[in-house]
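Here is the structure we will look at, set down as structure tokens.
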Protein chains: 2
Amino acid sequence: MENIENKELLEAQNRLDEHLSSLNKEELSPDDIAECLKILKKEDEDLYYKYLHKLDLESLSTSAIEMPEHMLKDVLENIPKEKLVNAIEELESDDQFELLDYIKDIDEIKAKTIFNELDDEDKKDILKLSAYKDDEAGSYMQLEVFKANLNETVMEAVDRLRDLRHSGEIEMAYQLCAVDEKGILKYCIPLSDLIIYNFSLTIDEVVKSAKPDAFKPKFALDTDKISDVAILFQDFDLSVLPVVDKNGILLGRITPDDIHDFVRESATEQIYNLVGVDDEVEEDDYGALKASKSRAVWLGFNLITAFLSSFIIGIFDSTIESFVALAVLMPIVASLGGNTGSQALTVTVRRLALGDIEFKDAKKVIKKEFTISLINGITFAFLVGIIAYIWFNKPMLGVVIFLAMFITLGCAGLLGAIIPLTLKKFNIDPAVGSSVILTAGTDIIGFFSFLALASWILL
Amino acid sequence: MENIENKELLEAQNRLDEHLSSLNKEELSPDDIAECLKILKKEDEDLYYKYLHKLDLESLSTSAIEMPEHMLKDVLENIPKEKLVNAIEELESDDQFELLDYIKDIDEIKAKTIFNELDDEDKKDILKLSAYKDDEAGSYMQLEVFKANLNETVMEAVDRLRDLRHSGEIEMAYQLCAVDEKGILKYCIPLSDLIIYNFSLTIDEVVKSAKPDAFKPKFALDTDKISDVAILFQDFDLSVLPVVDKNGILLGRITPDDIHDFVRESATEQIYNLVGVDDEVEEDDYGALKASKSRAVWLGFNLITAFLSSFIIGIFDSTIESFVALAVLMPIVASLGGNTGSQALTVTVRRLALGDIEFKDAKKVIKKEFTISLINGITFAFLVGIIAYIWFNKPMLGVVIFLAMFITLGCAGLLGAIIPLTLKKFNIDPAVGSSVILTAGTDIIGFFSFLALASWILL
């Protein structure tokens, strides 16, 4: 082997070998498989293609979703279509839908041909899921549910579960969803409760022998926002949640891994959006050029606002010429103003996202943030005023910077609360763009108040 | 009623009434109960205390953990100790531990007396959990597990589950953990698999009749970091994970809600830490004074670094006096430098937290961030250089700002990657303090390079 000295390559190969020879296909997580393949691709292309072909159906289908675009492209071009179709049929409906959607981004025609080869049941499921918007609970649900009619016995339901498990149609069930003859969700019985009943009882009898309301179901509407569903999971410590349509008919279920991914991804998106970074573009395998392009958009807006500040400063150029100390001190006003604003903004954005506050709490939030910024405004204005006075031995310069800082920090707190609340009101993601608007505001207020007060008081 | 016109109060009261009269104590989530009580406390203290007393044991115990400090204090002072003890005994071990820990923060003596009144089993459990560090998997686990010996029959295990459910000792089980005679975890059988077997089989027979390795358990060590456990949950789409000690002995389990809370809270902590905000202090019910104090620490550091920048500018005061255009343009260099750095920093901090990258990837990460910042550096340096040249009709001024921006943005990318990686290396949370260090660096480099180049080239 030509790369015998490459430890990383050998390790990746060993890990894949171990996984593929193991009987339980869980030695490596789908993400680990993709990582190992990534190393192979970088170090030894031949070996990489060999292993792409070696992947069993389950490993192929689960890791495909974790692969970077270029790797999935390799898969689409090198793995025979029949194997791809069979691999996708291994997945549960929500994962099938997600993977096909990803394939469509790379090769729309290929996605179509694969879709056409799937069995009718899978096709129907995928079409159902694709009817939902990205942020709707429906697009996250799995259509495979363990359900039973009220008049069935537990044994009949369990027999059906056995068939579903043996055919691999359902991966894991947490509860039995009991529906009436119209398919309307009536009760949810956790398996840890169901298992302790006599299996010859009907579902109805099980429910009636329990405490009233014990199996009253919690559920989400298919059109509910996934962010609200995530809050429901958190508030009630849920592990699974059935999804129904507006008539109450059981459609599917949302599992904890969906919520997990959502919570993690939406947090990343938020953190990134606050500094104008696109989470999707930043994934390891896109090039630096793509990332820098996407980041440049935000920097471009910043450039515009920075020039706005410059124009403000330019208005007062003669004042600065007379008092160069103003040029020395003015970044302090802008910097602390910006940071005070960022604190208020970040807290407001995050609390909105967590559902801690809503637009209706605007008054309370603005009042709180304004108070905080006023308290810190007066403290730091006083501190900076004293230092400026001592440094330049000019009492009125101290007064000017005190006033400017107090105004700027106070406004920064106000803006930090008002900007995200306003964006939220207009249904714009408060994390996107809010910090650019904020910095523009605090910079302009900071430079203007400082220089204008200086012209007025010092000249 | 004196507050008949207060809609908010009436609504809160109605919601509590409905919850308390419902047979299934899940009308309101624990968090909702705390929210409603908060409204009552603000609007009508008498009514508030009346409802505190009205809470049933379950509602009291689950909502206590969601209450702000002042409200839990009211509970401790007004609810008889016996009721408190009974309420805590309603909780599962991990929640008991968490609540007692919270009570300890408010009233250590009370916490001790309550602890002493708990039954011996609960005491033992709480002591076990309190032996772990905050970030260890052990401190998050629930000690109540559905387990069985290999030689027991499924029926015997199910009978025990029935008793556990009826006594309320276990809330929900996802799987049966099979242990050998020493208590060492051998297999995990999801209930949806267990339920389809003949209950007269022994666990060992069930395992042997399944595919080899089908029930091979995934587990966490009690001393594993909870952040690593969260990544495991994500990678393998887990819904529950048993926890074992270093000898493999089954201790407890981690449930999806624990991981949920961890993922959400650690994301909030990160977002807040990046702007110097303390997530615990920001909770709604602490006053503005406490929040402003905590935020002021970060602003204080920013003040120091801002003054550092001022000193740098001060060195070049005569240069600025000769060319006031420098004062007009210098915030542009600093602002874009800071933002370019923030982008690199934020991406690096987040990817470290998600486990996407580690210290060993430092070279790759630094190279990528440096490349991105160089690409944007040259673009924006060119743009700003041209505008400056046109605005002030001075070609060499354009050259100076071009060079300064290129240097600053390049360094910003480097610093944005290096600072969090270095903090991580020394086991310091990369989100804490990194942005203050970054801004100090980019400001100093920005102002210095711009003004020094100007003195050298323009004078």
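The values are calculated or read from the model by the stated rules, or taken from the named source; none is laboratory data. Just so it is clear, the model here is predicted, and its values are computed rather than measured. Here the Cβ is made from the backbone with ideal geometry for all residues, glycine too, and neighbour counts use every protein chain on show. Ligands, DNA and RNA are stripped out before the accessible areas are found, and what is left, the full protein with its side chains, is counted by its heavy atoms. Shrake-Rupley method; radii C 1.70, N 1.55, O 1.52, S 1.80 Å.
Here are a few things to note about the model shown:
- Bins of 10 Å from zero: percent of alpha-carbon pairs in segment A:293-364: 15, 29, 30, 19, 7, 0
- Principal axis extents of the C-alpha atoms in segment B:12-73 (largest first, rounded to whole Å): 28, 22, 16.
- List of segment B:318-342 residues, accessible area with partners at least 40 Å² below that of the chain alone (1.4 Å probe): B:Glu321, B:Val324, B:Val328, B:Pro331, B:Ile332, B:Leu336, B:Asn339
- Surface burial for A against B, with a 1.4 Å probe and both sides summed, reaches about 10100 Å² of accessible area.
- Label separation (A:Lys42 vs A:Lys367): 5.5 nm, computed from points 7 Å beyond Cα along the C-beta direction.
- Each peptide among A:160-167, B:9-16, A:247-254, B:406-413 gets the average number of other Cβ atoms lying within 10 Å of its residues, and from highest to lowest they stand as B:406-413, A:247-254, B:9-16, A:160-167.
- Per residue convex hull volume, Cα atoms of segment B:182-227, in Å³: 106 Å³
- Mean silhouette area of segment A:288-458, derived from the convex hull of its C-alpha atoms and averaged over all directions, reads 11.2 nm².
- Across identical copies of the chain, A:Asn393 has label-point separations of 4.0 nm, listed in ascending order, with the point defined 7 angstrom from Cα along Cα→Cβ.
- With every protein chain in place, the protein assembly as shown: carbon and sulfur % of accessible area (1.4 Å): 55 percent
- For segment B:144-184, the Kirkwood estimate of hydrodynamic radius, built from reciprocal distances between every pair of different alpha carbons, is 10.5 Å.
- Ratio Rg/Rh [Cα only; Rh per Kirkwood] for segment A:73-153: 1.06
- Against the empirical curve 2.2 N^0.38 Å, the C-alpha radius of gyration of the protein assembly as shown lands at a ratio of 1.04.
- Estimated D of chain B in µm² per second, where Rh is the Kirkwood radius over Cα pairs and Stokes-Einstein applies at 37 °C, 0.692 mPa s: 123 µm²/s
- Alpha-carbon centroids, segment A:405-455 and segment A:28-97: separation in whole Å: 48 Å
- Measure of compaction for segment A:105-245 (Cα Rg per 2.2 N^0.38 Å): 1.19
- Candidate residues A:Asp443, A:Asp101: accessible-area rank, largest first, probe 1.4 Å: A:Asp101, A:Asp443
- Mean residue ellipticity (222 nm) of chain A, computed from DSSP H runs ≥ 4 via -39,500 (n - 2.57), nearest 500: -22000 deg cm²/dmol
- Residue ranking by accessible heavy-atom surface, 1.4 Å probe, largest first, among B:Asp74, A:Asp46 comes out as A:Asp46, B:Asp74.
- Each 10 Å bin from zero up to the one holding the largest Cα-Cα distance in segment B:47-88 carries the following percent of pairs: 30, 67, 3.
- Rg/Rh, computed from the Cα trace of segment B:394-452 with Rh as the Kirkwood radius, has the value 1.14.
- Computed from Cα positions, the angle between helix A:7-21 and the longest principal axis of chain A comes to roughly 30 degrees.
- Chain A: angle of helix A:30-43 to the longest principal axis, Cα-based, in degrees nearest 10: 70 degrees
- Remark: mean inter-chain Cβ contacts per residue of B:266-273 equal 5, using a 10 Å Cβ-Cβ cutoff to other protein chain atoms.
- Across the identical copies, the 7 Å label point of B:Lys208, projected outward along Cα→Cβ, sits 4.3 nm from its counterparts, in ascending order.
- Label point 7 Å beyond Cα along the C-beta direction, distances from B:Val281 to other copies (nm, shortest first): 3.6
- Shielding by other protein chains, A:188-200, mean Cβ within 10 Å: 5
- Separation between Cα centres of segment B:225-253 and segment B:164-220, rounded to whole Å: 16 Å
- Counting every alpha-carbon pair across segment A:1-134, the share separated by more than 22 Å comes to 37%.
- Solvent-accessible heavy-atom area per residue, rounded to whole Å², over the protein assembly as shown at 1.4 Å: 43 Å²
- Of A:Lys367/B:Lys42; A:Lys364/B:Lys7; A:Lys112/A:Lys225; A:Lys216/B:Lys38; A:Lys42/A:Lys73; B:Lys133/B:Lys246, pairs whose Cα-Cα distance is over 20 Å: A:Lys112/A:Lys225; A:Lys216/B:Lys38
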